[in-house]
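**Student:** Just passing along the structure, written as C-alpha cells.
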Amino acid sequence: MSATPIATTRSSAGMPTGLLAVWWVIASEIVIFGGLLASYIMHRLAHDAWSAHAANTNTWIGAFNTLVLLSSSLAAVLGHKAAEEGDGAKAARQLWYTFAGGATFLVVKGFEWAMEISHGYTISANTFWSFYYTAAGLHATHVLAGIIIMAVVARKAARNVDLHHVELIGVYWHFVDVVWIFLFPLLYIAK
C-alpha cells in the first residue's frame, strides 16, 4: 500500500488542495509585490530625479533577462503538457530547461549588480537604487526558490512520481514571470 499524501487526493473549491495552496501563496505574494510596486510608483511620480538615476540601469540586460524568463515559462508549459500526458521523462526535461532559464537569469542579475555596484550604484546611493535592489532582490529570491523547487519536482517527474507537482511549480513560475513583466518596464524602460 503506497502512502499518498491526503492533500493530493482531496479537492476544495473545485480544485485540488495543492493547487489551491499555490494560489493562496501567490495571493499573499501579490500583496507583497503590489505594495512594493505601488510605493515605487508613488515615489517615482513625486521625485523627478528618479529619471536620472533610472537612466543608469542597463535596458539590454533587463531585456535579455526578460527573454530568458519568458522562454523558461514556455518550457514550464511544455513540461505541464507532458506531465498531463503521463510522460514524466519529457516533463522533467522541460523543467530542467526552465531551471536553466532561472539559473541564467540569476547569473546575469549577479553580473549586472556587480557592474552597478562597481560604479557606485549601491542600495544606499539614493531612494531609486534602494527600491531597485529591494524589488529586483525580492524577485531574484523568488526565482531562486522556484528553481530549487523545480529541481526537486524534475527529479520526481523523471521517475514518473507526483506528476501533478509539475503543474504546481509551473503556476508559481508563471507568477514569477508576471512580476518581472511589471518590474522590467518600471526599473529599466521608464526613464
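Here, each number is a calculation from the coordinates, and none is a lab measurement. None of the values given here were measured: they were computed from a predicted structure. Cβ placement follows ideal geometry from the backbone for every residue including glycine, while neighbour counts extend to all protein chains displayed.
**Student:** Scan (1) surrounded by 14 or more Cβ atoms within 10 Å (Cβ to Cβ); (2) in contact (Cβ under 8 Å) with a residue 12 or more places away in the chain; (3) farther than 13 Å from S72 by Cβ for the single condition V161 breaks and write down its number.
**Tutor:** (1)
**Student:** Of the conditions (1) under 21 Å from I169 (Cβ atoms); (2) not in a helix (DSSP H, G or I), T57 clears all except one; give me its number.
**Tutor:** It is condition (1) that T57 fails.
**Student:** Could you please give the count of residues in the stretch 74-95 that are closer than 30 Å to L186 by Cα, crowded, with 19+ Cβ neighbours inside 10 Å and out of contact with any Leu (no Cβ under 9 Å at 6 or more places or on another chain)?
**Tutor:** The number of residues fulfilling the criteria is 1.
**Student:** A follow-up question, please. S130 fails exactly one of the following numbered conditions: (1) under 21 Å from the mean Cα position of the chain (by Cα); (2) surrounded by fewer than 17 Cβ atoms within 10 Å (Cβ to Cβ); (3) within 30 Å of A82 (Cα to Cα). What is the number of that condition?
**Tutor:** (3)
**Student:** Give the stretch 99-127 a look and list any residue that's buried (at least 17 other Cβ atoms within 10 Å of the Cβ) and at positive phi, or say none.
**Tutor:** Across the stretch 99-127, there are no qualifying residues.
**Student:** For V77, state whether it is in contact with a helix residue (DSSP H, G or I) (Cβ under 9 Å, 6 or more places away or on another chain) and of a type outside the set (G, A, S). Lay out the reasoning, then the answer.
**Tutor:** Details: in contact with a helix residue (DSSP H, G or I) (Cβ under 9 Å, 6 or more places away or on another chain): yes; of a type outside the set (G, A, S): yes.
It is true that V77 is in contact with a helix residue (DSSP H, G or I) (Cβ under 9 Å, 6 or more places away or on another chain) and of a type outside the set (G, A, S).
**Student:** Restricting to the stretch 26-54, count the residues that are surrounded by fewer than 15 Cβ atoms within 10 Å (Cβ to Cβ) and in a helix (DSSP H, G or I).
**Tutor:** The initial filter retains those residues of the stretch 26-54 that are surrounded by fewer than 15 Cβ atoms within 10 Å (Cβ to Cβ), namely 27-28, 30-32, 34-35, 38-39, 41-43, 45-49, 51-52.
So of that shortlist, the ones also in a helix (DSSP H, G or I) come out as 27-28, 30-32, 34-35, 38-39, 41-43, 45-46, 51-52.
Of the residues in that region, 16 qualify.
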